[in-house]
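The values are calculated or read from the model by the stated rules, or taken from the named source; none is laboratory data. Everything quoted here is computed from the prediction, not taken from an experiment. Glycine gets a Cβ as well: all are built from the backbone with ideal geometry, and neighbour counts include every protein chain shown.
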Amino acid sequence: MLDELNKIKDSATLELQGISDLKALDDWRVAYMGRKGKLTQVLRGLSDLPIDQRKAVGSAANDIKTLLEAELKGRQQAVKDAKLAGGLDAIDVTLPGRPVSLGRLHPTTQMVREICDAFSAMGFEVVEGPEVESDYYNFEALNIPKDHPARDMWDTIWINRDQTIPTLLRTHTSPMQVRVMEQRQPPVRVVVPGRCYRYEATDATHESVFFQIEGLAVDKGITFADLKGSLFEFAKRLFGAERKVRFRCDYFPFVEPGVDMSIDCFVCGGKGCRLCSNTGWIEILGAGMVHPNVLKGVGYDPEVYTGFAFGLGVERILMLKHGIDDIRHFYANDLRFLKQF
Amino acid sequence: MKVSVNWLKDYVDVSVPADELAHRLTMSGNEVEAVDSVGASWDNVLVGHVLTLEPHPDADRLRLATVELGGEQMTVVCGDPNVKVDDKIVFARVGAKLIDGHNGKARELKPAKIRGIASSGMICSEMELGISESHDGIIVLPADAPIGMPLADYMGDTVLDITVTPNRADCLSVLGVARETAALTGKTMSMPTVEYSELGDDINKSVSVQIDDADLCYRYCASLIKDVKIGPSPEWMQRRLIASGMRPISNIVDITNYVMLEYGQPLHAFDYNKLPGGKITVRRAKDEKLTTIDDVERKITSDMLVIADDSKAIALAGVMGGQSSEVSDNTTSILLECANFNRENVRRTSQAFKMRSEASLRFEKGLSPELALYTLRRATQLIVELAGGVAAKGIVDVYPGRADRLPISLTDVKVKQVLGIDIAQDEMVMVLATLGFGCKVKSKSELLVEVPYWRTDVSLPVDLIEEIARITGYDQIPTTLLSSEIPQNELHPMLTFKDRVRDILVGCGMQEIITYSLVGWQDLAKIGAPDPIGLINPLSTDQQYLRTSLRPSVMMKIADNEKHEPGLSIFEIGRTYLKRDQNLPDEREILCGSLAGQRTQRQWQLRPEHVDFYDAKGVLETLFDSLGVRVNFEACDDATLVSGRTAAIIVDKQVVGVVGQLDPHIAEQYDISSDPVYLFEIKMDKLLPLIRSMGEYSRIARFPGSTRDISLLLDIDVPSSKVQDIIEDTKLVSEVALFDVYTGDKLPSGKKTLAYSIVYQAPDRTLTDKEVNKVQDGMLKRLQKTLAAVLRQ
Ligand SMILES: [Zn+2]
């Protein structure tokens, strides 16, 4: 029995020396130490031996097994080493890689997200509203009665003017101020991105269709100082901490006091150039404290609640940030333009 | 509103440079768009006095003028035959920069010899100074022009171009801007001194005014000036009108314009002798006609307010005068109207006729009735002074709309509530007082504020707070961050869903586009989209309707881009707008995408290949897989897509969209030359409710699976999805992959083979061959029974 074991050991060792690939090594392992391997069968046959031989044969078989396993390991390592020593063929690493197709979000979508994210971080909720609006929500509920001269600020595209509910394409996202407040009680903090429409001939700086983002915060104790703080914070996040921000008085019928916010011109740094019409400042949004008439209209008591609102044009900000000279690019959707963002 | 700084200086001491004034006005709400200097380039140009004129020895048409410049005399050649001895003229020395009449460019004046005579200077026309296009002769200055004074000092000016917001009717006037200037620079403004003699008869003997419709006319004031001489207005007045952007016409018209610019209140001058009996009635129009001074006969309707004589309308109230009573060169008596009309009515009338005049623009912004009388007296004064008229005694003043304004209570609490800071009461009083508000201290913490008549925009405490903040400066208010609690956010599944879908599609290599939601009728009609909602004032016919489908938008963008993109992969998520009775339209979110042309570009490792149906489907499968939704595709028909290459997209037995190859005939109609084009469309609102949130996770299998490959012979028209469904529904099957589809010579005709790799797996044990065989045999039997599928060895 022991002889047989030694024969197995010798042939196994001899065979092993001749093997030089990993697959064959595995076959060798199965042939000797697999479930039906030669060595395994010897070990299985132990129980048939007389008791006095069992121990000696068993321990010899186990020794051989340990030996063969060690040799196998050594041989495997040797084979791997040999393979690596030969080296791999060199390739031209400067050839172009296999292309992976790449899609991009429209720059307007990217900017809407960036702006909404900035306000989300301040606790504002993002909501959307209808683009076809009634005259009531677009104007009257915003303190802009019929035949008011402020209506000239929004050249309007109408769907019908004379029926019981005059309807139009919203000229701003502000109607959602009213819709949101009608639906909930203060505190309110929302931003509203969406398409708006103006009756305006299209040229390099005017589009009849554009995206606006409206913001509204109403609660007890919200002040003009909060408006300033929130919008300054936003401007720094979007345009960089080194930008100067300026508030000046402006008029929108649905806010009082009204504000126009500008940042210092990043082309000329405030000295005056074409981009900023020589003023050194670039307007980026309109804002103000929500007008008491608007609050009253939705059933909020203006003696108790105050709030601020703001609205900004998305394409305008994109144009400023990227030095885009023609607003028509955004709707032209030329892929050579879109792929740059 | 263009405001001459010289004019401002009549009423307020302008103590800061024009640029600084422009800045302060801008910051406080009156945005100055431009600061234009008149005369900034007039170096070496001065007032001269013509002493002598001698004939030129060598040229009949030229003369030699000797000009006194104040301690210095110059002789120059002069070509203008109208120059007279003793005229005050504009003299340019050598070195002056003058505008060249031939090319409009500035050119430095050099010494010249004209027909042998040296000439070191020039007598100028308006064009050479750049103040008008007119080359008709040289400028003759008033006789009192100081000899030798630089012209820039004598008639230079700075003009501020101010964009006045619609609430500030008062700032559409020089006096209004002077008042702002005073408040912003710590000065006090003064009003014009209005004094004149009323040497004529009592006006009531010659003029009577009756207001029939007091709801549209709150006040009507009139004065009468006889014996006026029509002629040009004085040169200083003309200069100010030009600086303000108005054209001088004649003394009477110029005075009404001048005073309107000064006070902000429009006036109208009638030829008194053309008003029978001097009777004026203010009434709603009957159905009548009126020829306005622009020589257009207009049909006026009963909702419009007119000024009428005995029998007919003679002016559109607040909008435009009529021809019949217009002031002409022969006019000798003027009836001057200064009235206050309902702002909405003026606006409607002017819009109806598309006549937005300087007058209507002021009326529609809301003027105080109080303003009318002050303005009328100022204009009457100027007519008496400048047109040689005799004013009748008294003024007709019919004032049915007199209304008292109550003072506004302004408390410290309110100021702090809005601005977030405390402002001392005396500081508030000071700011308000400089703007003309009257303040009474009611208590330590409350003011009663009287609003001056010209501030029709102020009626609430917040309006006063804005006044205080804007004059003090918005930069004086600190910045704080919102400190109140953050409201409970509601969930907006559609918004999140849209963003998720966008991100997945971008991850699949698709480019997002955003197109116009307004399209032309034909764009929609070509694919038989539902009837759209139209606009009543579209910008163009190709933007006249709200889209009811996104497909035309996407197809148009393929056509636009295919010239420079061999392959296109684009999508849009946008709204369609569907008619809804008695309600705003139904705005539905739609996803529409397209793959067109080449799938791959030319590249050393790739061969250019065209996209096919399975590219589009692959994107959709990735989308639904990523959304965690099981999706099925079933052959269907769609009018835009090729029959037999179109599938309905089905989730939970509901059709949520469609995918297929674009019908080449339709592609052609949209000028698409890419071939093939695949299109998919998903109704986002239908899909959204079918997306379930993530359920509980399932354990990663601990026991190894057993993989079997099978090949099935089937009739060619059996959809593979049916085979796949049966396999997937078999118990213990954990994964199925179709790895080969074969149709061809080696098979009987009408047959195909589908080869699947199937993994069988149990969660709690390693499966034995016997178990797997049993399960697979059962599955093959079902396949045979339902689909006549035969296992191929
Ligand atoms: Zn600049």
Matching strands (runs of 3 or more DSSP E) fully within region A:234-341 where at least 2 residues are in the same structural domain as A:A121 (by TED's automatic domain parsing) and within 16 Å of the ligand (Cβ to nearest atom): A:245-249, A:255-264, A:281-290
Residue under evaluation B:T646, criteria (1) crowded, with 18+ Cβ neighbours inside 10 Å; (2) without any contact (Cβ under 8 Å) to a residue 12 or more places away in the chain; (3) not aromatic (F, W, Y), criterion not met: (2)
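Could you pull out every one of the strands (runs of 3 or more DSSP E) wholly within region B:299-354 that has 3 or more residues that are more than 36 Å from the chain's Cα centre (by Cα)?
It comes to B:334-341.
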Of all residues making up region B:571-595, the number that are within 12 Å of chain A (Cβ to nearest Cβ) and in a strand (DSSP E or B): 14
So A:Y331, is it touching a strand residue (DSSP E or B) at 6+ places or on another chain (Cβ under 9 Å) and more than 23 Å from A:T171 (Cβ to Cβ): no
Test: A:K65 is surrounded by 15 or more Cβ atoms within 10 Å (Cβ to Cβ) and part of a helix (DSSP H, G or I): yes
Wholly within region B:442-532, helices (runs of 4 or more DSSP H) carrying at least 2 residues that are within 7 Å of chain A (Cβ to nearest Cβ): B:461-472, B:493-507
Segments classed as strands (runs of 3 or more DSSP E), wholly inside region A:149-218, with at least 2 members that are among the aliphatic types (A, V, I, L, M): A:167-169, A:188-197
Enumeration of residues in region B:341-350 that are surrounded by 24 or more Cβ atoms within 10 Å (Cβ to Cβ) and either hydroxyl-bearing (S, T, Y) or touching a Lys or Arg at 6+ places or on another chain (Cβ under 8 Å) (or both): B:T349
Qualifying strands (runs of 3 or more DSSP E) (wholly inside region B:616-665; at least 1 residues being closer than 16 Å to B:I527 by Cα): B:641-651, B:654-662
Close pairs from region A:277-295: first polar (S, T, N, Q), partner within 16 Å of the ligand (Cβ to nearest atom), Cβ under 6 Å, at least 6 apart: A:N278/A:G272
Positions within region B:417-458 being more than 30 Å from B:L482 (Cα to Cα) and among the basic types (K, R), in sequence order: B:K440, B:K442, B:R455
Residue match in region B:225-240 (condition: assigned by TED's automatic domain parsing to the domain that holds B:S333 and in a strand (DSSP E or B)): yes
Strands (runs of 3 or more DSSP E) completely within region B:674-793 that count 3 or more residues being closer than 30 Å to B:H492 by Cβ: B:677-683
Options A:A225, A:A217: the member that is away from the ligand (no atom under 16 Å from the Cβ), touching a strand residue (DSSP E or B) at 6+ places or on another chain (Cβ under 6 Å) and at the interface with chain B (Cβ under 9 Å from one of its Cβ atoms): A:A217
Selection count where residues are in a helix (DSSP H, G or I) and either surrounded by 13 or more Cβ atoms within 10 Å (Cβ to Cβ) or touching a helix residue (DSSP H, G or I) at 6+ places or on another chain (Cβ under 6 Å) (or both), scope region A:12-21: 4
Given (1) more than 9 Å from chain B (Cβ to nearest Cβ); (2) touching a Phe, Trp or Tyr at 6+ places or on another chain (Cβ under 6 Å); (3) closer than 26 Å to B:S483 by Cβ, index of the condition A:V314 fails: (3)
Matching residues in region A:110-168 - criterion: being under 29 Å from A:L238 (Cβ atoms) and within 8 Å of chain B (Cβ to nearest Cβ): A:R113, A:M122, A:G123, A:E125, A:V126, A:V127, A:E128, A:P130, A:E131, A:E133, A:A150, A:M153
